[in-house]
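The block underneath contains the structure these notes are about, expressed in structure tokens.
The values are calculated or read from the model by the stated rules, or taken from the named source; none is laboratory data. What you are looking at is a predicted structure, and each value in this text was computed from that prediction instead of being measured. Here the Cβ positions follow ideal geometry from the backbone for every residue, glycine too, while neighbour counts run over all protein chains shown. Please note that ligands, DNA and RNA were not included when accessible areas were found on the heavy atoms of the full protein model with its side chains. Shrake-Rupley method; radii C 1.70, N 1.55, O 1.52, S 1.80 Å.
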Amino acid sequence: MVLPWGRRGAGRRPGKSKARIDAAGLDTEVAVPMPFRCPISLDLMKDPVTLPTGITYDRGSIERWIEAGNASCPVTKQPLGGGGGFDLIPNHAIRKMIQSWCVENSSLGVERIPTPRIPVAPYEVSEACKRIGAAASRGDARRCYALVGKIRSWVKESERNRRCVTEGGAGDALSAALELFGSASAEGQHDGLLEEILSALAHVRPVSEEGLARLGSATSLHCILGFLNCDDLSARQNAVLVLKEAISSDRIRHRAPVEGIEEALVRMIREPIGPTATNATLVALFNMISRSPNGDETRSKLLQLGLVPLLINLLLDSSDKGVCERVLGVLDLLCESREGRDEAFGHALTMPILVKKILRVSNLATDFAVAILWKLCKNEEGDERRALIEAIQAGGFQKILVLLQVGCGEGTKENVRELLKLMNLHKDRVDCVDSSLDLKYLKRSY
């Protein structure tokens, strides 16, 4: 095997997976010794581990092999034991030999592999969760802070650690600690600990019914709301990520009503932090309207807070696919009420941007955009048909016709047919504009 390594700055031969080093006009190839290669990937091992069968593999390769459902050693075909009842033992001898070989060949551009950290074991996660629970019960904030910090460091090391920590129930222990210290917190007494817990919960979600119930309790939600309203951007992002889980989970049967969440989420749209926080905010808004027993009341409150123009402006400025899909999803829910449709049509750029997003982002975004157009045009009152005419002027008739030819879902197809019937009555009386143009400065003529 030949690695694509070469002296820094040296050129590479196109189509060749080998190093090319200019030394007295000769090409030099770096061959990896066979014992240093992973039997699965055939690449240089960076974290060699040995199975009970005695064969050494690179940790990442053998973990993917096992996660794929294989229960035997790839080389010997011997069974490894059901339920993952075996350990991957780090092979320090091979790892040190590989590192020495890398140092010996450093002049050829070979970089020394770092000494890997040993992944967290399930029993370590279980022990940490027990200690967090005990510290929270005693009210020992300092000890709890240290343990939560350990959970965070494990999660940051690797995706494998994050899965192990999640499956070990760390999210449940963190939710319990959030509720306990949130209820006992005086004015800013445990803010540092609570922020640390939220930071960990942003990456490790609860898995049990009890953990999810604690996350959706009034105490926890009030705590999350406090950080949503603070000025620290990192704390606000972590808070909205945790709130998304608390609002979106189907397994939380009783979620406590908390005043001020709508205002905090609208602020997250008005003062965006980044795509991650914006996506989490939009998911939380969508589920608050669609799943809450007080969905109509929530919709009305969000409309009063001016959410619709904020979403239209976000749709104009964002090129992120996920953000566009979620914005259109929330707009679709808001337009189910007459007040929502009035707010949407009250923005001069609503119709042009909806037409522009059809067949431009994704199938889901197209479905939402067509549904909103149908609601605005179908439910319009009066003979002027201003919404319908604006959609035609923005090139909606041509876009809808192409969509029908390309194909779409049954629900969307029905909306498309009705829109075409309505637009066909007025399309010859108005001029169209190119929907691909920049719409930011487009204004109505009335």
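Can you compute the FRET efficiency between residue 115 and residue 338 using 1/(1 + (r/R0)^6), with r the Cβ-Cβ distance and R0 = 51 Å? Round to the nearest 0.05. It would help to have the intermediate numbers written out before the result.
Numbers: r = 65 Å, r/R0 = 1.27.
Once the sixth-power term is evaluated, E becomes 0.20.
Kirkwood Rh and Cα-based Rg: tell me the resulting Rg over Rh for the range 236-322, rounded to two decimals. Walk me through the numbers on the way to the answer.
On the way: Rg = 12.6 Å, Rh = 13.3 Å.
Taking Rg over the Kirkwood Rh, I get 0.94.
If a paramagnetic tag sat 7 Å from the Cα of residue 234 along the Cα-Cβ line, which residues of the range 149-168 would have the backbone N under 16 Å from that point?
What the label zone holds, given the 16 Å backbone N cut-off, is 149-157.
Mind ranking 34, 288 by accessible surface for me, highest first, 1.4 Å probe?
Most to least solvent-accessible, the answer reads 34, 288.
Report the extension gain between residue 86 and residue 67 in nm, rounded to one decimal, defined as 0.36 nm multiplied by the number of residues separating them, less their alpha carbon distance.
5.5 nm
For the range 108-201, with only Lys/Arg (+1) and Asp/Glu (-1) charged at the beta-carbon, what is the dipole magnitude about the Cα centre, in debye rounded to 20? Spell out each step's value before the answer.
Working: 13 positive and 13 negative charges, 78 e Å.
The calculation lands at about 380 debye.
Charges only on Cβ, +1 for Lys and Arg, -1 for Asp and Glu: so what's the dipole of the range 28-95 about the Cα centre, in debye to the nearest 20?
Working: 6 positive and 7 negative charges, 21 e Å.
Rounded to the nearest 20 debye, it is 100 debye.
Please say if the range 324-368 is rounded, prolate or oblate, where rounded means a/c under 1.5 for a ≥ b ≥ c the square roots of the C-alpha gyration tensor eigenvalues, and otherwise the choice is prolate for a/b larger than b/c and oblate otherwise?
It is oblate, given that a/c is not under 1.5 and a/b is not larger than b/c.
Using +1 at the Cβ of each Lys and Arg and -1 at the Cβ of each Asp and Glu in the range 53-170, identify which of 53, 88, 98 lies farthest towards the dipole's positive end.
88
If you take the square roots of the eigenvalues of the alpha-carbon gyration tensor of the range 189-249 and sort them as a ≥ b ≥ c, do you get rounded (a/c under 1.5), prolate (a/b over b/c) or oblate?
Here the range 189-249 falls in the prolate category.
Under a plain spin-label model, where a point goes 7 Å from the Cα along Cα-to-Cβ, how far apart in nm are residue 259 and residue 126?
4.6 nm
How many nm separate the modelled label positions at residue 41 and residue 404, each set 7 Å beyond the Cα in the direction of the Cβ?
My value for the distance between the label points is 5.3 nm.
Roughly how many nanometres apart are two label points built 7 Å out from the Cα toward the Cβ at residue 96 and residue 414?
7.2 nm
Rounded to the nearest 20 Debye, what is the dipole magnitude of the range 203-274 about its Cα centre when Lys and Arg each give +1 and Asp and Glu each give -1 at the C-beta?
Dipole magnitude for the range 203-274 comes out near 180 debye.
Express in Å², to the nearest 10, the accessible area of residue 207 obtained by rolling a 1.4 Å probe over the protein heavy atoms while all chains stay in place.
Surface accessible to solvent at residue 207 totals approximately 60 Å².
Restricting to DSSP loop positions (anything but H, G, I, E, B) with no more than 14 other Cβ atoms inside 10 Å of their own Cβ, which GluC sites (Glu not before Pro) remain in the range 44-117? Before the final figure, lay out the partial values.
Numbers: sites: 63, 67, 104, 111; in loops: 111.
Within the range 44-117, the qualifying GluC sites (Glu not before Pro) (loop, at most 14 other Cβ atoms within 10 Å) are 111.
Not counting ligands, DNA or RNA, and with a 1.4 Å probe, what is residue 231's accessible surface area in Å² rounded to the nearest 10?
About 130 Å², ignoring ligands and nucleic acids.
Putting +1 on Lys and Arg Cβ atoms and -1 on Asp and Glu Cβ atoms, find which of 372, 359, 344 reaches farthest to the positive end of the dipole of the range 338-382.
Result: 359.
For residue 271 and residue 248, compute 0.36 nm times the residue count separating them, minus their Cα-Cα distance, and round to one decimal in nm. Don't skip to the end; give the middle numbers.
Working: separation 23, 0.36 × 23 = 8.28 nm, distance 2.23 nm.
6.1 nm is the gain from fully extending residue 271 to residue 248.
Can you pull the accessible area of residue 87 for me, 1.4 Å probe, Å² to the nearest 10?
Residue 87 has an accessible surface of roughly 110 Å² with all protein chains in place.
For the charge dipole of the range 119-197, defined by +1 on Lys and Arg C-beta atoms and -1 on Asp and Glu C-beta atoms about the Cα centroid, which residue among 147, 170, 119 has the Cα displaced farthest towards the positive pole?
Among 147, 170, 119, the one farthest towards the positive end of the dipole of the range 119-197 is 119.
Once the Cβ-Cβ distance between residue 34 and residue 210 is put in as r, and R0 is 51 Å, what FRET efficiency do you end up with, to the nearest 0.05?
With R0 = 51 Å, the Cβ-Cβ based efficiency is 0.45.
Write out the chymotrypsin sites (Phe, Trp or Tyr not before Pro) in the range 346-412 meeting two conditions: DSSP loop, and at most 14 other Cβ atoms within 10 Å of their Cβ.
Answer in residue order: no site qualifies.
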